[in-house]
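The values are calculated or read from the model by the stated rules, or taken from the named source; none is laboratory data. All figures in this text were calculated on a predicted structure; none of them were measured in a lab. Cβ atoms come from the backbone with ideal geometry, glycine included; neighbour counts cover every protein chain shown. Accessible surface is based on the protein model in full, side chains and every heavy atom, while ligands, DNA and RNA are left aside. Shrake-Rupley method; radii C 1.70, N 1.55, O 1.52, S 1.80 Å.
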Amino acid sequence: MDTGIETLRQELGLGFREVNARIDETHREVSARIDELRKETAENFRLVDAKIEQVRKETADNFKLVDGKFELVRKESADNFRLVDAKIEQVRKETADNFKLVDVKFEQVRRETVDHFLAMGAHIHEMQRDSTARLDVMYRDISSRIDNMHRETNARIDTLIYESQKRMDRSDSQFRWLVALIISSFLGVFGLLAKTRDIL
């Protein structure tokens, strides 16, 4: 039993030593790789610094060119603004002339509109007189018809009352018929008067 434990201990110790050896080897490889990367990084930084310096120089040259172009554009813009000012002044003058023409046309249209309104007013007044005359004629005609109908109705009612008094001795059915006839006559007269008011 002790021999097996001792063997196991030795195997574990051997395994630990192999692991430590591998760790040391890996550490050395990583360190070498880091040193190599540092060297490459430093070289890359030098290249980047050289490129930055070159770009700085190119940028300065480009700014000089841009300044020249800005000056040229500034001069062209000043010339264009002078041309625009001249065109604006011309347009302002043309606009003023057009407004004067429009004012003249507005005055002409206003006078024509006033004349049209006066003519329309006279025409409406004439139509109103004609309509009033026609309504007066219709009113007199309808009033005459109502008076005639009223007289005819009164005559019929008087006739019915006279006949009723003469036939009062007859049967009760004839009396009821007479009352119904009188009521119908009154209803007819009232209906005719209502229609006549609707017409008016």
From the options Leu47, Leu65, residue that is open to solvent by 100 Å² or more (accessible area, probe 1.4 Å), among the aliphatic types (A, V, I, L, M) and out of contact with any Leu (no Cβ under 8 Å at 6 or more places or on another chain): Leu65
Pairs returned, first residue in segment 121-139 that is in contact (Cβ under 8 Å) with a residue 40 or more places away in the chain, second residue that is open to solvent by 70 Å² or more (accessible area, probe 1.4 Å), beta-carbon separation under 7 angstrom, 6 or more apart or interchain, are Tyr139/Leu200
So, of the residues in segment 140-165 that are among the aliphatic types (A, V, I, L, M) and free of Cβ contacts under 8 Å to residues at least 40 places away in the same chain, which turns out to be farthest from Gly191 (Cα to Cα)? Ile161
Being open to solvent by less than 100 Å² (accessible area, probe 1.4 Å), at pLDDT 80 or above and out of contact with any Asp or Glu (no Cβ under 7 Å at 6 or more places or on another chain): is that true of Val19 here? no
Among the residues of segment 121-132, are any touching a Ser or Thr at 6+ places or on another chain (Cβ under 7 Å) and under 30 Å from Gly191 (Cα atoms)? no
Boolean, Ile5 is loosely packed, with under 10 Cβ neighbours inside 10 Å, among the aliphatic types (A, V, I, L, M) and either out of contact with any Pro (no Cβ under 9 Å at 6 or more places or on another chain) or without any contact (Cβ under 8 Å) to a residue 12 or more places away in the chain (or both): yes
